[in-house]
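Undergrad: Shown below is the structure under consideration.
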Amino acid sequence: MTPRNGPRTRRCALLAALLLGLAAAPAGAAAPSPEEAHLYPRGAQAVFRIPVTGETTLEIPGTFDPATLEVSVEGTSLLGLETQPVRRGGWVPPSASELAARIGALSGRLTGVEARLAAKLQSRRDYESCRPATARELAARLASREAARTRLETEIRALEGQRDALGRDLRFLQDQLQAQLPPDPERFLQIRLRTSGRGTARVAGTVQDASWRPAYRASVDTATGKVRLEEFLEVRQKSGLDWKGTLVCHTASPSDRHGLPDLNPWVVDLARPERLDRGMAKMALYAGGAPAPEANFALSETDLSFRTQGLVPGTGNPVQLAGGTFDLAGNVEVRAVPALDREAWMTVRTSPLPRPLLGGETSLSVNGLPTGKASLPPTAKGEELTLPFGRVPGVTADRREEIPRTSRSGGTWTWTGGYSLRVRNSLDKPMDVTVEDRIPRSATDRIRVEATPSPKPDDTDGRTGVVTWKLRLAPGEERVLKMELLLRHPENTELAFR
């Protein structure tokens with residue numbers, strides 16, 4: 001055995017021991033499924049309810065932290081509690097039992113092929129060790145021995161091929177099983193309860209390898225402007241036990257550390273020009289309408305939670321559970337920013353949120369056609385939001401800079417320039433198009449900026465210098481927008497555009 005093969009060999013040996021132990025696991029209390037589970041952004045707490053009578057033993061996987069155990073009883077009194085680590089040879093998670101059975105069957109087939117191959121190889125060695133006594137005997141047997149040897153070699157090659165193919169399949173399944181096993185699948189935590197009589201015990205424990213996050217799917221019908229937003233709870237846990245029953249996903253976590261916030265000094269500095277791309281990278285917002293949630297939503301002073309029912313396997317495989325569905329009335333708009341991209345973007349503005357939504361990745365589709373993904377930031381109730389649904393290649397906006405001119409008069413330099421925007425709707429239907437560009441902002445009172453747009457913009461942001469035109473373009477229509485700029489600055493200085 002070479003050192004390079006050592007880890008895989010040890011891992012295969014562990015899996016083989018697990019499979020062999022399935023038929024003869026040691027006696028002991030079977031690991032129960034939790035009745036309820038509370039999931040946090042990191043970690044989860046599972047709650048078990050078991051009947052107790054005098055002295056009761058419970059075993060749960062070693063993935064549960066013994067320091068977090070909480071035990072209480074109903075209908076009786078708790079007289080004693082003991083915990084100790086134990087081993088349960090051959091145990092695999094219930095959700096992995098089918099895969100383990102496939103591995104066991106495949107291992108049996110491989111063993112049979114290897115046995116037949118070993119017998120054929122021994123026959124070949126017997127042929128090679130057999131020597132005729134005389135030349136006449138050799139000549140008499142040559143023809144029959146050659147045919148038999150050919151058949152034997154053909155069978156050996158076929159068995160070797162079967163062995164190699166089965167070995168590859170077995171290693172593939174073993175890797176899959178290994179990925180679904182906890183770090184030490186045979187390690188369990190045994191809990192011994194002593195009570196004064198019959199009753200029910202509530203045992204709660206925390207497992208670290210568990211988490212949840214929200215995910216979304218948004219689709220828009222451009223003919224009606226209606227948007228459907230579906231909310232999902234993506235849950236995963238690798239405790240080894242399947243969680244089937246009540247699941248509660250929380251935003252607050254008991255593992256969070258808190259401290260009083262400090263208010264830092266308020267510092268004012270000279271303003272620096274902002275980049276115009278602040279919108280395109282962050283346009284990923286959602287709104288709500290009339291919700292029809294599949295999970296019970298609750299909002300408290302410190303937590304936002306979803307209560308639902310479902311099955312989450314203990315092998316770490318993610319599961320998506322329904323969180324809620326929102327049918328929204330949206331205003332479809334096309335937004336063009338030619339300074340960033342020639343092609344326009346489709347956006348949808350929706351009504352205010354009826355309840356908060358968490359941030360998460362969103363899959364997008366327009367008229368049933370997938371258009372990509374976006375990022376949904378956390379949003380509060382009552383906010384109006386805008387959601388991007390992808391590019392609109394049929395609407396384009398080209399930007400052309402004018403050649404600047406400079407002149408000097410009375411100790412002042414005058415810079416004259418600007419740009420023109422050519423916006424075109426190549427679609428076969430009218431489109432509402434919002435076009436954005438910008439006017440330079442002066443970083444010092446020594447520079448005076450005069451802008452003359454044509455036509456006049458519908459909106460001008462004095463803080464950022466962003467100007468907005470709202471156009472209604474007929475099919476095939478083209479519109480030209482112009483911006484003339486005049487900048488004055490003292491002599492012996494130069495302009496720097498950032």
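Undergrad: Residues in the stretch 448-468 that are part of a loop (DSSP other than H, G, I, E, B) and surrounded by fewer than 17 Cβ atoms within 10 Å (Cβ to Cβ): how many?
TA: Looking only at that region, the number is 7.
Undergrad: Search the stretch 297-321 for residues that are surrounded by fewer than 17 Cβ atoms within 10 Å (Cβ to Cβ) and pair each with any residue that is among the hydroxyl-bearing types (Ser, Thr, Tyr) when their beta-carbon atoms are under 7 Å apart and the residues are at least 6 apart or on different chains.
TA: 298/305; 303/251; 307/246; 309/246
Undergrad: Go through the stretch 231-248 and report how many residues are open to solvent by 10 Å² or more (accessible area, probe 1.4 Å) and among the hydroxyl-bearing types (Ser, Thr, Tyr).
TA: 1
Undergrad: Here is a follow-up. Restricting the stretch 80-103 to residues that are loosely packed, with under 15 Cβ neighbours inside 10 Å and among the small types (Gly, Ala, Ser), which is nearest to residue 66 (Cα to Cα)?
TA: 80
Undergrad: Of the conditions (1) open to solvent by 20 Å² or more (accessible area, probe 1.4 Å); (2) over 21 Å from residue 222 (Cβ atoms), residue 476 satisfies every one except a single condition; which number is it?
TA: The number of the failed condition is (2).
Undergrad: Scanning the stretch 249-261 for residues that are farther than 19 Å from residue 68 by Cα and modelled with pLDDT under 85, which turns out least open to solvent (accessible area, probe 1.4 Å)?
TA: Filtering the stretch 249-261 for residues that are farther than 19 Å from residue 68 by Cα and modelled with pLDDT under 85, the one least open to solvent (accessible area, probe 1.4 Å) comes out as 259.
Undergrad: Here is a further query. From the residues in the stretch 376-391 that are in a strand (DSSP E or B) and touching a Ser or Thr at 6+ places or on another chain (Cβ under 7 Å), which one is farthest from residue 343 (Cα to Cα)?
TA: Applying the filter and picking the extreme gives 376.
Undergrad: Something else now. Identify the single condition in (1) among the polar types (S, T, N, Q); (2) within 30 Å of residue 442 (Cα to Cα); (3) at pLDDT 90 or above that residue 264 does not satisfy, given that it satisfies every other one.
TA: Going through (1) among the polar types (S, T, N, Q); (2) within 30 Å of residue 442 (Cα to Cα); (3) at pLDDT 90 or above one by one, residue 264 breaks only (3).
Undergrad: Now a separate question. Filter the stretch 392-429 for residues that are at pLDDT 90 or above and outside any strand (DSSP E or B); which is most open to solvent (accessible area, probe 1.4 Å)?
TA: Among them, the one singled out is 428.
Undergrad: Within the stretch 369-391, is there a residue that is open to solvent by less than 50 Å² (accessible area, probe 1.4 Å) and more than 27 Å from residue 216 (Cα to Cα)?
TA: Within the stretch 369-391, none of the residues are open to solvent by less than 50 Å² (accessible area, probe 1.4 Å) and more than 27 Å from residue 216 (Cα to Cα).
Undergrad: Has the stretch 213-230 got any residue that is outside any strand (DSSP E or B), open to solvent by 20 Å² or more (accessible area, probe 1.4 Å) and of a type in the set (Ser, Thr, Tyr)?
TA: Within the stretch 213-230 (the criterion being outside any strand (DSSP E or B), open to solvent by 20 Å² or more (accessible area, probe 1.4 Å) and of a type in the set (Ser, Thr, Tyr)), the answer is yes, since at least one residue qualifies.
Undergrad: Pick from the stretch 482-498 the residues that are in a strand (DSSP E or B) and touching a Lys or Arg at 6+ places or on another chain (Cβ under 8 Å): which of them is nearest to residue 395 (Cα to Cα)?
TA: Of everything passing the filter in the stretch 482-498, 487 is nearest to residue 395 (Cα to Cα).
The values are calculated or read from the model by the stated rules, or taken from the named source; none is laboratory data. Every value quoted in this text rests on a predicted model; they were computed, and no experiment measured them. Note: ideal-geometry Cβ built from the backbone for every residue, glycine included; neighbour counts use all protein chains shown. These area figures cover heavy atoms from the full protein model, side chains too; ligands, DNA and RNA do not enter into them. Shrake-Rupley method; radii C 1.70, N 1.55, O 1.52, S 1.80 Å.
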